[in-house]
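K.L.:
Handing you this structure, nothing more for now.
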Amino acid sequence: MDELEFRRRLFADPNDTEVIDHAIDNPEQQSLVDELQDFDAQLKSVLQVEVPAGLADRILVQQQEDQASNVIPLAWYRKYDKPFATAASMVLAVGIYFMSATSAPLQAGEHALEHVYYEVNALERSQEVALQVVNEKLAMLGGQFDSLPGKVTYATFCNFKGQKSLHLVFQSEHGPMTVFIVPAQGNEYNHNDSHFNDERFAGMIGNGQKADTILVADIGTPIEDYHNEVSGALRWL
C-alpha cells in the first residue's frame, strides 16, 4: 500500500483494520491514524443526540405555514436549542470542508498554505533524512536532486489537490522550508500568481514542463533565492 492509497483509505474509514495494521511500524502514519480516529470519535459523540419528539411533524407544519404566508423560512436547525443545533451545524461544516477539499478549484498557493498548516508539526522535525532516501521517493515521479540548500528533515508523498506529490521540509538559516514537487500532468488546481502569502508564510510557485516546484517559508525569507537553488538542483531522469 503506497502513501496515497494509505491516506485515501484512512480518510474514508479511520477504523479500517488493514490500514491500521499497515501503520503500526510507521510513526508518522500511526500519528495520523490516531488523530483521525480521535476526530471520528468526537464527531460520533456530537451526533449521538436524541431527536426532539415530533420534530418531523413540526417541520412539515412550519413549512406549510411559511408557504401559506409567503415567508422566507429560517434554517430549520436554528429553531432548536443545543445540542441538536450544534450537531446539525457540525455536520454541515464537515460536509462543506470535504466538498471544498475535493472539488472546489483552489489556487495552488492557497492549497499549499492549507497543506503546510495541516502538517505543521513536520516543521519541528530535526532528524535528518538522507538525500538518497529523498531521491528514491522522487525517482517515482521521474526526478532527482543533485543537492538541497539545507538538511532535509521530512520527506513523504502527499495528495496535493488530487495529485500524488512529494512533500519535503529542509532546514535553513531562515528556519524550516517546505517544498512540494507536484507533477504537471493531471493537476486539478488553478494557477495564478507565482507568489502568495498569509500573515505567517510566504510562497513561490515555479511552473515546469514536468512538475511544479512550490516553496513555502516564513515571511521575510529570501524565498526566490532558495526557490532558484531548489529548482536548479532538480533534474528529470
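The values are calculated or read from the model by the stated rules, or taken from the named source; none is laboratory data. Values in this document were obtained by computation on a predicted structure and should not be read as measured data. Counting neighbours? That spans all protein chains shown, and the Cβs are built from the backbone with ideal geometry, glycine included. For the accessible areas, the whole protein counts, side chains as well, though only heavy atoms, and no ligand, DNA or RNA atoms are used. Shrake-Rupley method; radii C 1.70, N 1.55, O 1.52, S 1.80 Å.
K.L.:
Among the residues of region 198-213, which ones are part of a strand (DSSP E or B) and more than 16 Å from residue 120 (Cβ to Cβ)?
P.N.:
Hits for region 198-213 are 204, 205, 206, 207, 211, 212, 213.
K.L.:
Six or more apart or on different chains, Cβ under 6 Å: which pairs go from a residue in region 120-132 that's within 15 Å of residue 150 (Cα to Cα) and modelled with pLDDT of 90 or more to one that's open to solvent by 60 Å² or more (accessible area, probe 1.4 Å) and outside any helix (DSSP H, G or I)? Could you list them?
P.N.:
What qualifies is 128/151.
K.L.:
Can you tell me which residue in region 198-237 is nearest to residue 114 (Cα to Cα), limited to those that are among the β-branched types (Val, Ile, Thr) and touching a helix residue (DSSP H, G or I) at 6+ places or on another chain (Cβ under 6 Å)? Break it down stepwise before answering.
P.N.:
Within region 198-237, the subset among the β-branched types (Val, Ile, Thr) is 205, 213-214, 216, 219, 221, 223, 230.
Keeping just the survivors that are touching a helix residue (DSSP H, G or I) at 6+ places or on another chain (Cβ under 6 Å) gives 205, 213-214, 216.
On the way: 205: 15, 213: 16, 214: 13, 216: 11 Å.
The extreme case among them is 216.
K.L.:
Checking the structure you have, find out if any residue of region 188-197 is buried (at least 16 other Cβ atoms within 10 Å of the Cβ), farther than 14 Å from residue 111 by Cα and either at pLDDT below 90 or over 23 Å from the mean Cα position of the chain (by Cα) (or both).
P.N.:
Within region 188-197, not a single residue is buried (at least 16 other Cβ atoms within 10 Å of the Cβ), farther than 14 Å from residue 111 by Cα and either at pLDDT below 90 or over 23 Å from the mean Cα position of the chain (by Cα) (or both).
K.L.:
Quick check on region 1-47: of everything there that is part of a helix (DSSP H, G or I), touching a Phe, Trp or Tyr at 6+ places or on another chain (Cβ under 8 Å) and aliphatic (A, V, I, L, M), which residue is surrounded by the fewest Cβ atoms within 10 Å (Cβ to Cβ)? Full working, then the answer.
P.N.:
Pass one, region 1-47, residues part of a helix (DSSP H, G or I): 3-12, 17-22, 27-47.
Right, trim to touching a Phe, Trp or Tyr at 6+ places or on another chain (Cβ under 8 Å) and you get 3-4, 19, 22, 29, 36.
Next, from what is left, pick out any that are aliphatic (A, V, I, L, M): 4, 19, 36.
Working: 4: 14, 19: 22, 36: 17.
Restricting to residues being part of a helix (DSSP H, G or I), touching a Phe, Trp or Tyr at 6+ places or on another chain (Cβ under 8 Å) and aliphatic (A, V, I, L, M), the top hit is 4.
K.L.:
Just checking, how many residues over region 135-179 are of a type in the set (A, V, I, L, M), open to solvent by less than 20 Å² (accessible area, probe 1.4 Å) and over 16 Å from residue 214 (Cα atoms)? Steps first, answer last, please.
P.N.:
Our first condition is that a residue be of a type in the set (A, V, I, L, M); within region 135-179, this holds for 138-141, 148, 152, 155, 166, 168-169, 177, 179.
Narrowing further to those that are open to solvent by less than 20 Å² (accessible area, probe 1.4 Å): 138, 152, 155, 166, 168-169, 177, 179.
Keeping just the survivors that are over 16 Å from residue 214 (Cα atoms) gives none.
So the count comes out to 0.
K.L.:
Only one of these is among the polar types (S, T, N, Q) and at pLDDT 70 or above: 67, 107, 48. Name it.
P.N.:
Values: 67 fails: at pLDDT 70 or above; 48 fails: at pLDDT 70 or above.
Residue meeting the stated conditions: 107.
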